[in-house]
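The values are calculated or read from the model by the stated rules, or taken from the named source; none is laboratory data. What you see is a predicted model, and the numbers here were worked out from it, not measured in a lab. Glycine gets a Cβ as well: all are built from the backbone with ideal geometry, and neighbour counts include every protein chain shown.
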Amino acid sequence: MDAAAPRPKENMGEPLPRVDARLKVTGQAHYPADLPIANIAYGALATSSIAKGKVTKLRLDDARAVPGLLDIVTYGDMDKVDKPKFGNSGATSIGPLHDRTIFHDGQIVALAVAETFEAAEEAARLIRAEYEEEKPTATFDSPGTATIPAAGKSPLFKEDVKAGDFDAAYADAAVKIDQRYSTPTQHHNPIELFSTTAFWEGDQLTVHEPSQNVTGWKVELARQLKIDPAKVRIVSPFIGGAFGSKGPMTPRTAIVAVAAKRLGRPVRCVTSRMQAFGTQTYRAETRHRIRIGAGKDGRITAFAHEGWEVTSRPDPYVVGGTSATGRMYDYGSVLTHVSLVQADRNTPGYMRSPPETPYVYALENAMDEMAVALGMDPVEFRRINEPKTEPIGKKPFSSRSLIQCYEQAAEAFGWAKRDPKIGAMRDGDWLVGMGCATAIYPTAVAPCAARVRLTVDGDVRLQCGSHEIGTGVRTVAGQMASERLGVSIDRISVEMGDSSLPPAPVSGGSISTASVCSAVLKACDAIRTKLYAAATAEGGPLAGSRNEEFELVGGKIVAKSGASAKVEDVLKAMQVGAIEEYAEFAPKGATPGALKKLYAGTPEFHGGEQDEDSVKYAFGAEFVEVRINRYTREIRVPRIVGAFAAGRIMNTRTARSQLMGGMIWGIGQALHEATEIDRRYARYVNRDLQDYLVPVNADIKDLQVILVPEVDHAVNPAGVKGLGELGNVGTAAAVASAVYHATGKRIRDLPIRIEQLLV
Ligand code: MOS
């Protein structure tokens, strides 16, 4: 065992290497834009150079003169296709070629298709648009924004949670803070670029595109193209980084499909990194005002969280993280309000822990400020305010191991050695600071289907239309089948990432492991039941063991009494070559139409704060050491420890990897990431990996992930809480608290950069 493969503790699975690791590292895993396809034509996007107005004229002559040009898809060519819809399957309602209105900078105005990639690029660049230009509104504080309450305006945000009388409690509080925080625009930059490859065989359309939601896209693309969803297949076996960016389908997909139809040839369009900033989704900038009131004993009596988020003009995208921040501690009274600020921007979208990352950043900063105001240790402050029930609906937590996480992380980090005095810890020219923060992520689960086949030769094939976005879902699904069927993992093949497979929900919201494993569990148990019925039938090898508990181990059915039979022999006696089961899992509380919605690509999510019996969250605690050079103010993070409890851990290797990645991203959010916007043109400026900063190896030193054992049977049959998004929640606040501890400067606006520490 090494750090990458932590020894499993209670309720944790073995750190099996990923079943697809070899394919990935040897280049045999075909990412959608890599797949060799005969007779392919290449598409390149032409995009707008203004953010608001109308395209009055499009000059195509120069583009058409490029040798090898085959076609240009532009205004008028999408008239027979329905406009995209904004929602979980669609990134935006903007149909860029449906009318000539420009809603944001970098909006698609045409797709040039040519024999070669180079010719397509050249042609796209030669397309000249003329505009009737209006002055755009870029972001917060720009003239022309419209601010509206989020509640009721967006299907994504139900209500502003509240409890008790905040105003009275705050007025009476002995110690209080009232502070404002902000997080910047952040753009997805997965190493695998965004792409669409489409081809038609008669009336059957196949699209190869990196996707976190093949079923949702199949249905949404069919709707736009006005064809039967059965005629559309989305294929996405490997995805090179997603984190929400490949969750909803963008308008490009239908445009490329139309181009392929017109040409009668496969068309592939790979979006340039620069174009992705305007044609894909991103994390919008947010602002927060937090007020906390407490007694001198440190007990919080009043908590108010107001949030503001930028969105596009047409689409009310909202994250609204107050649902989680309002339930985090035992506040006494809670007041929240979320507002949307509409600007001339492309529609934002999901980015890893969409609500929690910015909102918990604000909350945990405020908690640290409050601890300072109370003269209290920040860990102790959280312990004092640990709730018995969540403050909004007064429901119990299905499980909550936050304090265990704090204890284990604090111990490993050496928190006891911290001198709480500001600026007191030094090492030569370096100011040392230590900070901590809470991580939280709602535990949700959705309906999911899976097909499992066990053959007489002892091989298993598992099929499920989920998505390998880097999480290792093939591996953990295979592990679940291995455990239930007593077949070793190398005899199990796992097929995913194809809409022709049994449908799975969107691989978002950290629901995949729980949802997929629950469906696999159900399919495997159906196989077990058949096997056992046959084995214990009259004249069967285990006829004497009927009604006993049993296990499947090493290709054998083993009854509790010790009697056993080979699975192979049972199948032979049954006169079958295989048992195959198709299982549909629906979570507790699912509506009667839940499975229908799964097939329609709009699965219901259950869990989080929605269930009647309890609220369901995963928790963690992160501790960070920063070092700041006393002369240059260079900021380093030499050490970070995170402890997380997330129910059953299927595989300690993949779990650690997810949490580690989250923490690294959190450091990036704290110190590196920000999309700069030119307010004059509402345009993103740093649209490449040279100027859009992310952490690299040299930025990450000692990083430790502690998996805290937790058993929770209430969340779902698999007992799994999601953890894909948990790790990066709270990290930035822990860094900000450590920076304060080192310097006495409270940086409330991310990212924290040298210049903020110089003044
Ligand atoms: Mo995640 S941002 O829900 O893919």
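Remark: pairs (first residue in region 501-512, over 17 Å from Val476 (Cβ atoms) and touching a residue at least 12 places away in the same chain (Cβ under 8 Å); second residue within 8 Å of the ligand (Cβ to nearest atom) and part of a loop (DSSP other than H, G, I, E, B); Cβ separation under 8 Å; 6+ apart in sequence or on different chains) = Val506/Gln212; Val506/Gly247.
Scanning region 214-258 for residues that are among the basic types (Lys, Arg) and under 24 Å from Arg283 (Cα atoms) returns Lys246, Arg252. Looking across region 384-418, the residues that are of a type outside the set (Asp, Glu) and touching a Phe, Trp or Tyr at 6+ places or on another chain (Cβ under 7 Å) come down to Asn385, Pro387, Pro391, Phe397, Arg400, Ser401, Leu402, Cys405, Ala409, Ala410, Phe413, Trp415. Whether a residue is buried (at least 24 other Cβ atoms within 10 Å of the Cβ) and in contact with a Leu (Cβ under 9 Å, 6 or more places away or on another chain) was assessed, and Ala242 does not pass this test. If you go through region 511-528 and keep only what is part of a helix (DSSP H, G or I) and either over 15 Å from Glu483 (Cα atoms) or within 16 Å of the ligand (Cβ to nearest atom) (or both), you end up with Ser512, Thr513, Ala514, Ser515, Val516.
Candidates in region 204-238 are the residues that are assigned to a loop (DSSP other than H, G, I, E, B) and buried (at least 24 other Cβ atoms within 10 Å of the Cβ); of these, the one that is farthest from the ligand (Cβ to nearest atom) is Glu209.
So that you can scan it fast, the table gives a plain yes or no per residue for (1) closer than 27 Å to Thr206 by Cβ; (2) touching a helix residue (DSSP H, G or I) at 6+ places or on another chain (Cβ under 9 Å); (3) away from the ligand (no atom under 16 Å from the Cβ); (4) part of a helix (DSSP H, G or I):
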residue	(1), (2), (3), (4)
Leu454	no, yes, yes, no
His467	yes, yes, no, no
Thr471	yes, yes, no, no
Arg474	yes, no, yes, yes
Gly478	yes, yes, yes, yes
Ser482	no, yes, yes, yes
Val487	no, yes, yes, no
Val506	yes, yes, no, no
Gly509	no, no, no, no
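Looking at Thr455, Thr443, Thr347, which is the one that is under 30 Å from Pro314 (Cβ atoms) and of a type in the set (S, T, N, Q)?
Values: Thr455 fails: under 30 Å from Pro314 (Cβ atoms); Thr443 fails: under 30 Å from Pro314 (Cβ atoms).
Just a single option satisfies the conditions, and that option is Thr347.
Which members of region 489-504 meet the condition of being in contact with a Ser or Thr (Cβ under 6 Å, 6 or more places away or on another chain) and either within 20 Å of Val235 (Cα to Cα) or within 16 Å of the ligand (Cβ to nearest atom) (or both)? Those that are in contact with a Ser or Thr (Cβ under 6 Å, 6 or more places away or on another chain) and either within 20 Å of Val235 (Cα to Cα) or within 16 Å of the ligand (Cβ to nearest atom) (or both): Met496, Gly497, Ser499, Pro503, Ala504. Residue-level analysis places Ser195 outside the set of residues that are in contact with a helix residue (DSSP H, G or I) (Cβ under 8 Å, 6 or more places away or on another chain), within 29 Å of Gly601 (Cβ to Cβ) and not aromatic (Phe, Trp, Tyr). It is to be established whether one or more residues within region 671-680 are in contact with a Gly (Cβ under 6 Å, 6 or more places away or on another chain) and away from the ligand (no atom under 16 Å from the Cβ). The answer is no, given that none of the residues of region 671-680 is in contact with a Gly (Cβ under 6 Å, 6 or more places away or on another chain) and away from the ligand (no atom under 16 Å from the Cβ). Taken as a whole, the condition of being touching a residue at least 60 places away in the same chain (Cβ under 8 Å), more than 29 Å from Gly744 (Cβ to Cβ) and of a type in the set (A, V, I, L, M) does not apply to Ala643.
Of all residues being of a type in the set (Asp, Glu) and within 25 Å of Lys530 (Cα to Cα) in region 438-475, which is surrounded by the fewest Cβ atoms within 10 Å (Cβ to Cβ)? Just the residue, please.
Taking region 438-475 and keeping what is of a type in the set (Asp, Glu), we get 457, 459, 468.
If we keep only those that are within 25 Å of Lys530 (Cα to Cα) as well, we get 457, 459.
Working: Asp457: 10, Asp459: 14.
Across region 438-475, the extreme among qualifying residues is Asp457.
Being surrounded by fewer than 24 Cβ atoms within 10 Å (Cβ to Cβ) and in contact with a helix residue (DSSP H, G or I) (Cβ under 7 Å, 6 or more places away or on another chain) holds for only one residue in Ala590, Ala583, Ala643, and it is Ala583. Inside region 452-470, can you point out the residues that are of a type in the set (Val, Ile, Thr) and either farther than 19 Å from Ser518 by Cβ or in contact (Cβ under 8 Å) with a residue 40 or more places away in the chain (or both)? Once the filter is applied, which keeps residues that are of a type in the set (Val, Ile, Thr) and either farther than 19 Å from Ser518 by Cβ or in contact (Cβ under 8 Å) with a residue 40 or more places away in the chain (or both), region 452-470 yields Val452, Thr455, Val456, Ile469. Looking across Val685, Val715, one residue alone is over 25 Å from Asp141 (Cα atoms), more than 16 Å from the ligand (Cβ to nearest atom) and at pLDDT 95 or above. It is Val715. Region 239-318 holds strands (runs of 3 or more DSSP E) entirely within its bounds, and those carrying 1 or more residues that are within 16 Å of the ligand (Cβ to nearest atom) map to 286-294, 300-311. Put simply, of Leu335, Leu340, Leu431 the only residue that is under 18 Å from Arg299 (Cα atoms) and more than 16 Å from the ligand (Cβ to nearest atom) is Leu335. Screening Phe381 with (1) over 27 Å from the mean Cα position of the chain (by Cα); (2) not in a helix (DSSP H, G or I) gives one miss only, at (2).
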